[in-house]
1. Under the condition of being assigned to a helix (DSSP H, G or I) and polar (S, T, N, Q), which residue from region 71-124 is nearest to the chain's Cα centre (by Cα)?
2. If you scan region 89-145, which residues turn out to be of a type in the set (Ser, Thr, Tyr) and surrounded by 14 or more Cβ atoms within 10 Å (Cβ to Cβ)?
Amino acid sequence: MKNQFILGLLLGICLSTITLTPLLSANSNSSNIIKHTINDHLTLNIPDSTRVIENNIIGNGQLLYSIYLDDQTLLLRGYAQIWNLSNLENYLEESKKISTFDFNSYSLKPIEVGNYGGYLIKWTASFGVNYRISGIEYWLKKSDTSDVLRISFFTDTTSFTKEQIEYIDKIIGSLN
């Protein structure tokens, strides 16, 4: 009887700990956020489940700064980059024309995010018979500079999941 009481008490403590502590709960949607500074100017909030790899850019070409984002939990990857582009719209149109991607869908629309104007590109492309990639790319620029921020996300499916879209929205919404 005493052993059953102790076992019941321990089980009750364990269950209450799991239900009252969000980090231990299987239903928890909370994740830790890491503020990541891009090129000493911009800050993005990136979930700690995302691996961030900085790439050293050598030279003075169009690409000035780049980090690679990889979230194996959500099966999502992408880039946060700074580009030097004097005519963003022309650059994006020419890039599509010379792309080797076999686009199944492609849309380019003007957007504004915070103090930035730019373009949102959504696309799906085929690579061979059974392999498709989908992309969402934000190309953002302040009107008084040639610096362009590109934040892109890719998944190896024909569309993004609800969780992936929420992840993207949180990162874009944190742009400061």
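None of the figures in this text is laboratory data; all of them are computed from the coordinates on show. Everything numeric here is computed off the predicted structure, so don't read it as measured data. As a convention, Cβ positions derive from the backbone with ideal geometry for all residues, glycine included, and neighbour counts pool all protein chains shown.
1. So the residue we want is 95.
2. Those that are of a type in the set (Ser, Thr, Tyr) and surrounded by 14 or more Cβ atoms within 10 Å (Cβ to Cβ): 91, 106, 116, 119, 124, 126, 134, 138.
Table: residues versus (1) touching a strand residue (DSSP E or B) at 6+ places or on another chain (Cβ under 9 Å); (2) surrounded by fewer than 18 Cβ atoms within 10 Å (Cβ to Cβ); (3) touching a residue at least 60 places away in the same chain (Cβ under 8 Å); (4) farther than 19 Å from residue 142 by Cα.
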site	(1), (2), (3), (4)
44	yes, no, yes, no
54	yes, yes, no, yes
60	yes, yes, no, yes
83	yes, no, yes, no
87	no, yes, no, no
